[in-house]
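Working notes, structure below.
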Amino acid sequence: MGFISAGDFTDLFYKINGRGIKFIAGKISLHAASRTRNTWNDVHNNSSNWWILEAVRKRWNKLITGKEELEYEDYVAAKYLTDKKNIVILSVGCGEGDHEIAFSRHLNITGIKGIDIAERPLVVARQKAAQLNAQHVNFENISFEKFVPKEPLDVILFHSSLHHFKNIPTILAKANNMLADNGLVIIHEYAGPDRFQFGKERKDMLNKVLKSIPANLRLRLNSGSIKKKIYEPGILRMYIADPSEACNSSVIMQCLNRQFNVLEEKKIGGDILHFVLKDIAHNFLSNSPEAVITLQRLFKTEDDYIASKKYSDFMFGIYQKK
């Protein structure tokens, strides 16, 4: 675990090139909450991460639902919610509202509340709901810690939000208290090492995988340079960029297992793809034969790597109130 990493300076250089000094200046704040909010207010950031790839999203679907075209919202609704009426859902850290809109297609879900500490993504989310005339879908600029539901909740969704909380047991205890009897917590989460401190052994393996990718598929976004090395991010850089990022992510799975009844847990990878494809994922959008073959090889490498692990870095899970 390093306070500063050589990769921090590399990332800083490419972020200034790609997103401008104004974005970087926005990170210079004495308030940790302000730095976190600034990160998530940057709605239209120019990113090249693994989740932008349709093949990755289809892979998630297959690992979670068994079908590439079946999204988890429809899977959950069909498997766990069909025999219920007037279902109320809370989505924590909802961002631009895609998952809330997906759940809204099911007629027995009559109330969906998305909350987020960043206001700008909520503007987009409200526009999406308005375009669909989804009046039962609402969004509020408020933290989970301050939110008080008007009625017991049937489902609480944490999609890429739970790993931003420091005191995981307390957050899950609050979620448990908000739920109706037999209510569900759903996660689609990073639950890997804190602050992405994955260690030398994995770093060596990641760099070996990176070097196996053809150079033309390793071009960094908005740059002619080739990605040549993967580093653990320095702790200082992580704290400056977003103090909440993966701040206590390594305890998520054990806390969920201790505080809820486990209905299902699915490994959805990220141990390799998350770090290898960072800043270069856009090269795979072309779906050229070379890109498709390379990406499928990376999928197989990750499948082999996580096969013997109890949990992968990213997890999908459904849990029921005890």
### Summary
Over the chain, the sum of -39500 (n - 2.57) across DSSP H runs of at least four, divided by residue number and rounded to 500 deg cm²/dmol, gives at 222 nm -12500 deg cm²/dmol
### Query
Between the stretch 105-164 and the stretch 277-322, what's the alpha-carbon centroid distance in Å?
28 Å
### Query
What net charge is computed for the residues neighbouring Val56, neighbours being all others with C-beta under 12 Å from the C-beta of Val56, Lys and Arg scored +1, Asp and Glu -1?
+1
### Message
Cut-off 10 angstrom, C-alpha nodes, Gaussian network model of the chain. Which of Ala125, Ala134, Ala175 fluctuates the most?
### Response
Ala134
#### Entry: Pairwise label distance in nanometres, Trp51 with Glu201, each label 7 Å out on the Cα-Cβ vector
2.9 nm
### Query
Tell me, what is the percent relative contact order of the stretch 6-321, built from C-alpha pairs under 8 Å that lie six or more residues apart?
22 percent
### Task
Can you pull the one-decimal nm distance between simple spin-label points at Glu264 and Arg297, each 7 Å off the Cα toward Cβ?
3.3 nm
### Summary
Long-range alpha-carbon pairs in the chain, meaning those over 30 Å apart, account in percent for 35 percent
### Task
Taking the Cα atoms of the stretch 124-278, report the difference between the largest and smallest coordinate on each principal axis, in whole Å and largest first.
54, 41, 31
### Query
Do any of Lys67/Lys146; Lys67/Lys321; Lys67/Lys200; Lys128/Lys229; Lys113/Lys228 go past 32 Å between their Cα atoms, and which?
Lys67/Lys146; Lys67/Lys200; Lys128/Lys229; Lys113/Lys228
### Task
Name the aspartates and glutamates eligible as straight-distance cross-link partners of Lys62: C-alpha to C-alpha under 14 Å, and not fewer than 8 places from it in the same chain.
Glu54, Glu71, Glu73, Asp74, Glu265, Asp303
### Task
Among His99, Ala78, Ser225, flag the residue with its Cα farthest along the positive direction of the charge dipole of the stretch 6-321, charges on Cβ as +1 for Lys/Arg and -1 for Asp/Glu.
Ser225
### Summary
With N residues in the stretch 225-322, Rg(alpha-carbon) / (2.2 N^0.38 Å) equals 1.33
### Query
At a Förster distance of 25 Å, what's the computed FRET efficiency of Phe147 paired with Thr82, Cβ-Cβ distance as r, to 0.05?
0.35
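Rule-based calculations on the coordinates, nothing more; no lab input. It should be emphasised that the depicted structure is a prediction, and the values quoted were computed from it without experimental measurement. For neighbour counting, all protein chains shown are included, and Cβ atoms are generated from backbone atoms with ideal geometry for every residue, glycine included.
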